[in-house]
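Asks: Could you have a look at this structure, given as structure tokens, before my questions?
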Amino acid sequence: MVEVISSERSEAVLAQVRQAVKQTPVYDVHTHLYDPAFGDLLLYGIDDLLVYHYLVAEGFRQFDLPYEQFWSLSKEQQADAIWDALFIKNSPISESCRGVLTTLNLLGLDVKKRDLKNVRKWFADWDKADYTNHIMEKANVGSICMTNSPFDDLERPVWEQGFDRHHGFTSALRIDPLLLDWQRTSESLAQWEYDVTPELSDKTIAGIRHFLEDWTRKINGKYLMVSLPPDFCYPGDSECARIMESAVLPHCRDHGLPFAMMPGVKRGVNPLLKMAGDGVSKACVTSFSHLISAHPDNNFLITALSRENQYELCVAARKFRNLHIFGCWWFTNIPYLINEITSMRLELLGLSFTPQHSDARVLDQILYKWSHSREIIADVLCDKYTDLMKTGWEPTPNEVQRDVESLFGGAFIKFCEPNAGESATAQFFRRQPEAVPGHA
Ligand code: FIX
Ligand code: ZN
């Protein structure tokens, strides 16, 4: 046996791992946040934090009021009802509740006072653009990728009009209606003067490709994205599979863009809960393997919603280097599963994946989502480096920093922009944060 590393040396390495995880800026690769130029579409503040759909679902488990009555309340009244049910009448144990408290705590607010009125007052003083910079800096998030849908009637006009883009926001082209509801979507495309009919003829496919080209250019999309129901099947002759094969994947190939798929969501399991009413089921990873294998010149990003899909997906990523796994999505974004999934990915894939994205819908959420995830990622990495050190292998500070950068956006950027080389990653991590005005 070779001499093992002293406990002092190994403690120093682990301290460095924790510091690197804390101090390295992250690229948040999938969110529902908006550049502040989108005005009211960028949500922030205590009321939006409290009416987040994760909390609405939990609130209804405690409320005794009918669904319709809750929906008829103002946002502030809904927030009051959730605060009362989940924070006052019960201890806020769940991950979503804890998230609100972590957020307030990181903002310097005293949560033990349970003073919702004062918290509201604190948020009211901020200017949105200053607050955006403040939160990004505090959360140590270097870039936020938006989810941009041309089918959203509130969002589309902002793109059409044009605006000065915030340096910290990138875009992804979201195309669920195109792939999942072609009959209705064909009407919208035709109305926007694309040459399409409900029938998927060659002419219609060409029209869809024009649409994708126009919107990729307009938003400068970094990837295209769809969420898919558990029964998505490939090969298959569903409209979804046909549009994917004949329009979306050729478009991605021609523009060198990855195609992100999010399988496993069952929309509207309980429609009375509105946005909080979506559920989960296991998807068919074999179908995704077939799709990826049949398109070696396309790059695919996948995050699966079902816990039961995670292992099979990791094994698929070992087989196909044009597949990059990212994030612990939605119901898997809880400490218990982040720990399990991140450990499994590190053990099966090394550093060639992106452990987390926030999926934040409210700006302030990046504070809690990233601080909770950073804590777990640091723990899991420390376990892995400890195992290495038991063999006598001692990671250098530069190696640790390199590894953390890879997990926090480096591997993602390299996968999405293989031709940009090391410079794109280096640029992201070396960029100095903007000076941020303080809060009086
Ligand atoms: O499809 C998605 O991008 C999902 O993330 C959303 O539909 C979902 O509502 C959500 O916010 C999950 O975190
Ligand atoms: Zn999402």
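The values are calculated or read from the model by the stated rules, or taken from the named source; none is laboratory data. Predicted model only: the values in this text are computed from it and were never measured. Quick reminder, even Gly has a Cβ in these numbers, built from the backbone with ideal geometry, and neighbours come from all protein chains shown. The accessibility values were calculated without ligands, DNA or RNA, using every heavy atom of the protein model including side chains. Shrake-Rupley method; radii C 1.70, N 1.55, O 1.52, S 1.80 Å.
Asks: Largest first, how would 88, 46 line up by accessible area (1.4 Å probe)?
Replies: Largest to smallest exposure gives the sequence 88, 46.
Asks: Right, here's the next one. Answer rounded, prolate or oblate for the range 1-84, using the Cα gyration tensor with square roots of eigenvalues a ≥ b ≥ c: rounded when a/c is under 1.5, else prolate when a/b is larger than b/c, else oblate.
Replies: prolate
Asks: Let me check against my output: what whole-number percent is the relative contact order of the range 175-325, with C-alpha pairs under 8 Å and at least 6 apart?
Replies: 20 percent
Asks: Just to confirm my numbers, what's the Cα centroid distance between the range 231-258 and the range 9-81 in Å?
Replies: Using only Cα atoms to place each centre, the spacing works out to 32 Å.
Asks: What's the ranking of 360-369, 156-165 by average number of surrounding C-beta atoms within 10 Å, highest first?
Replies: 360-369, 156-165
Asks: Taking H placed 1.01 Å from N in the peptide plane, check which residues at least 5 places from residue 360 or on another chain put their amide H under 5 Å from its amide H.
Replies: 32
Asks: Counting residues in the range 175-325 as N, plug N into 2.2 N^0.38 Å and put the Cα Rg over that result.
Replies: Cα-based Rg divided by the globular estimate yields 1.06.
Asks: Please say if the range 66-161 is rounded, prolate or oblate, where rounded means a/c under 1.5 for a ≥ b ≥ c the square roots of the C-alpha gyration tensor eigenvalues, and otherwise the choice is prolate for a/b larger than b/c and oblate otherwise?
Replies: In terms of gyration-tensor shape, oblate.
Asks: Give me the compactness ratio for the chain, meaning the Cα radius of gyration over 2.2 N^0.38 Å.
Replies: So the Cα radius of gyration is 1.01 times the expected 2.2 N^0.38 Å.
Asks: Of the options 111, 154, 144, report the single residue whose Cα projects farthest towards the positive end of the charge dipole of the range 88-162 (beta-carbon charges: Lys, Arg +1; Asp, Glu -1).
Replies: Checking the options against the dipole of the range 88-162, the answer is 111.
Asks: HN-Hα J couplings of the range 144-152 from phi, Karplus 6.51/-1.76/1.60, θ = phi - 60°, integer Hz, Gly and Pro as x?
Replies: 10, 8, 7, 10, 10, 10, x, 8, 8
Asks: Tally the DSSP beta bridges in the chain and give the antiparallel ones as a percent, rounded to 5.
Replies: 10 percent
Asks: Obtain the nm distance between the two label points defined at residue 294 and residue 199 by a simple spin-label model: each point lies 7 Å from its Cα along the Cα-to-C-beta direction.
Replies: The two pseudo-label positions are separated by 2.3 nm.
Asks: Work out from phi, with θ = phi - 60° and the Karplus expression 6.51 cos²θ - 1.76 cosθ + 1.60, the ³J(HN,Hα) of each residue of the range 92-99, listed in order in whole Hz, and give x for Gly and Pro.
Replies: With coefficients 6.51, -1.76 and 1.60, one gets x, 6, 4, 4, 5, 5, 4, x Hz.
Asks: Taking all protein chains in place and a 1.4 Å probe, what share, in percent, of the accessible surface of the range 175-325 do carbon and sulfur account for?
Replies: Exposed carbon and sulfur together represent 48 percent of the surface.
Asks: Amide H to amide H, which residues 5 or more places from residue 170 or on other chains are under 5 Å from it, using H placed in the peptide plane?
Replies: It is 144, 145, 146, by chain and number.
Asks: Hey, another quick one. If I stretch the segment between residue 7 and residue 106 completely, what's the gain in nm (0.36 nm per residue apart, minus their alpha carbon distance), one decimal?
Replies: Here the segment from residue 7 to residue 106 would lengthen by 32.4 nm.
Asks: Would you rank 234, 67 by solvent-accessible area, highest first, keeping every protein chain in place and using a 1.4 Å probe?
Replies: 67, 234
Asks: Would you kindly derive the ³J(HN,Hα) couplings of the range 172-179 from the backbone phi angles with the Karplus curve 6.51 cos²θ - 1.76 cosθ + 1.60 (θ = phi - 60°), listing them in order in whole Hz, with x for Gly and Pro?
Replies: The phi angles translate into 9, 8, 8, 10, 3, x, 5, 8 Hz.
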